[in-house]
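Trainee: One structure is given below, represented as structure tokens, and several questions about it will come after.
The numbers here are math on the coordinates, done by the rules we state, and not lab data. Since we're looking at a predicted model, the values are computed, not measured. Cβ placement follows ideal geometry from the backbone for every residue including glycine, while neighbour counts extend to all protein chains displayed.
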Amino acid sequence: MNKIQELQAKRARIWQQAKDFLDEKQKHSDVLSTEDNATYERMEQDVVNLGHEIDRLHKQAEIEAQLKKPTSNPIITNPHQGQTSNYAQDFWNLMRGQAPATNALKTGSDPDGGYLVPDEFEKQLIQKLQEANIMRSISHVIQTNNGEHKIPVVASEGTAAWLDEEAAYTESNTQFSQVSLSAHKLGTLIKVSEELLNDSAFDLMSYLAGEFGRRLGNAEEKAFLTGTGTNQPTGILNDTNGASAGSTAAKADVLTFDDLIDLFYSLKTPYRQNAVFLMSDDTVKNIRKLKDKNDQYIWQPSTQAGQPDRILNRPVYTSPYMPTLAASAKPILFGDFNYYWIADRQGRTFKRLNELYAVNGQVGFLGSQRVDAKLILPEAVKTLSMAAK
């Protein structure tokens with residue numbers, strides 16, 4: 001059994017112990033003593049910490065797998081692959097301040113003065129963005145070649161009608177509308193010392209990919225959920241055509257199992273097949289103590305590597321940008337996020353700033369991308385709202 005499986009089993013075992021402890025104490029009193037509450041919270045925190053460690057080991061395994069991949073192509077490459085290799089080599093030579101050996105960079109120049117990142121780096125950036133942005137991992141991501149992308153959506157469907165013999169058919173046309181995805185610019189500035197750039201052991205590509213992915217991934221996820229729509233995407237929680245109302249909790253700061261059941265069945269059956277829950281860690285912590293009518297905990301910790309925890313047999317994902325339990329807040333999203341489309345305007349760009357930070361012995365790198373996101377069908381994702389005080 002590998003380390004991840006051991007931690008999965010340990011996590012499930014501690015959670016079972018925590019449930020048994022709580023059940024035993026509640027037989028004698030509905031309210032835990034201060035000492036018993038502290039004991040339970042310690043066990044619960046152990047479950048949370050083990051979950052974070054499992055996630056770290058997964059990411060470590062993915063990084064190691066990437067590093068073990070071959071760094072060069074075999075000799076039997078076609079001319080197109082050779083051209084791509086030249087472009088990548090020239091790109092990184094330029095990023096390090098060295099003169100390109102060829103003129104391959106002309107094929108990827110950016111009209112704003114930067115350069116399109118080479119294919120292998122683009123893939124690495126996308127992977128980093130997915131790691132730092134849960135919305136990218138559960139949503140539908142497309143590539144666009146221009147600033148606006150229009151998506152046809154069925155606004156109203158045609159129907160059939162019963163007819164008398166030889167009676168005329170009744171017209172019933174399907175009506176369509178459009179959802180437009182634009183391109184909002186997102187960028188970041190990274191500074192690297194000249195000593196590091198001149199150090200051949202310093203992996204510039206991995207460093208830039210990691211920092212680019214972390215910074216832009218966090219900014220993306222926040223905007224996808226709560227964005228204002230001004231120079232950024234309109235968040236799914238703020239968009240008037242975003243997630244539709246599913247259910248409202250009975251209280252302003254407490255969730256019940258009935259509240260979650262109401263949310264679950266507010267979503268139409270076809271969407272429930274691929275639906276997931278999205279909430280904050282604080283909301284998960286409150287749900288972990290809820291039981292169903294059979295006195296069984298509704299939260300199901302994952303015992304399989306790479307699989308998320310579950311509620312009502314549906315996967316649970318967390319984001320720090322989801323609201324917490326508060327009056328009138330919307331702390332939970334539930335739905336099929338395949339209908340949430342993220343549009344990347346093709347090609348991320350980098351610029352090297354040689355002079356701006358030279359007095360400090362540093363070189364700046366500007367990284368930017370254009371992206372937008374919208375929920376194509378509002379009925380595909382539902383919100384759970386807390387009661388107003």
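Trainee: Taking amide H positions as placed 1.01 Å from N in the peptide plane, with prolines and chain starts having none, which residues 5 or more places from Ala373, or on another chain, fall under 5 Å of its amide H?
Mentor: Residues meeting the criterion, in which the H sits 1.01 Å from N, are Thr234, Ala343.
Trainee: While we're looking at this one, here's another question. Taking the Cα centre of each part, how many Å lie between the range 196-269 and the range 9-48?
Mentor: Here the two parts' Cα centres lie 31 Å apart.
Trainee: Give, in nm to one decimal, the length gained when the segment between Glu41 and Ala61 is fully stretched (0.36 nm per residue of separation minus the Cα-Cα distance).
Mentor: Difference between extended and current length: 4.2 nm.
Trainee: Let me ask another. Extending each Cα 7 Å along its Cβ direction at Thr230 and Lys251, get the distance between those two points in nm, one decimal.
Mentor: Using points 7 Å along Cα→Cβ, the separation is 3.7 nm.
Trainee: So what J values fall out for the range 372-389 if you push phi through Karplus, 6.51 cos²θ - 1.76 cosθ + 1.60 with θ = phi - 60°, rounded to Hz, Gly and Pro as x?
Mentor: Running phi through 6.51 cos²θ - 1.76 cosθ + 1.60 with θ = phi - 60° gives 8, 7, 8, 7, 6, 10, x, 6, 7, 9, 10, 10, 9, 9, 7, 5, 7, 6 Hz.
Trainee: Report the full-extension gain for the segment Ala9 to Thr324: residue separation times 0.36 nm, less the Cα-Cα distance, to one decimal in nm.
Mentor: 110.5 nm
Trainee: Can you give me the long-range amide H partners of Leu181? Hydrogens built in the peptide plane at 1.01 Å from N, cutoff under 5 Å, separation of 5 or more residues or another chain.
Mentor: Distant-sequence amide H within range of Leu181: His149, Lys150, Ile151.
Trainee: Now for a different question. Is there a pair in Lys185/Lys382; Lys251/Lys330; Lys3/Lys291; Lys19/Lys293 whose C-alpha atoms are over 19 Å apart, and which pairs would that be?
Mentor: Beyond 19 Å: Lys185/Lys382; Lys3/Lys291.
Trainee: Also: Under the Karplus relation 6.51 cos²θ - 1.76 cosθ + 1.60, θ = phi - 60°, what is the ordered set of whole-Hz ³J(HN,Hα) values for the range 46-58, x standing for Gly and Pro?
Mentor: So the J values, rounded to whole Hz, are 4, 4, 5, 5, 5, x, 5, 5, 4, 4, 5, 5, 4.
Trainee: By per-residue mean of other Cβ atoms within 10 Å, what is the highest-first order of 349-356, 372-379, 261-268?
Mentor: 372-379, 261-268, 349-356
Trainee: Could I ask something else about it? ³J(HN,Hα) across the range 181-190 via Karplus (A = 6.51, B = -1.76, C = 1.60, θ = phi - 60°), whole Hz, x for Gly/Pro?
Mentor: Those phi angles translate into 10, 9, 9, 8, 8, 10, x, 8, 10, 10 Hz.
Trainee: OK, next. Please give the FRET efficiency for Val48 paired with Asn198, using the beta carbon to beta carbon distance and R0 = 41 Å, rounded to the nearest 0.05.
Mentor: Computed FRET efficiency for Val48 and Asn198: 0.45.
Trainee: For Gln17 and Glu165, compute 0.36 nm times the residue count separating them, minus their Cα-Cα distance, and round to one decimal in nm.
Mentor: That pair, Gln17 and Glu165, stretches by 46.3 nm at full extension.
Trainee: Can I ask one more? How far is it, in nm, from the label point at Ala387 to the one at Gln346 when both lie 7 Å from their Cα along the line to the Cβ?
Mentor: 5.4
Trainee: In terms of modelled amide H atoms, which long-range or inter-chain residues lie less than 5 Å from the amide H of Ser385?
Mentor: Here the answer is Gly246, Ser247, Thr248, Ala249, since their amide H atoms fall under 5 Å of that of Ser385.
Trainee: What ranking, highest mean first, results for peptides 181-189, 302-310, 22-30 when packing means the other Cβ atoms within 10 Å averaged over each residue?
Mentor: Ranked from most to least packed, the peptides come out as 181-189, 302-310, 22-30.
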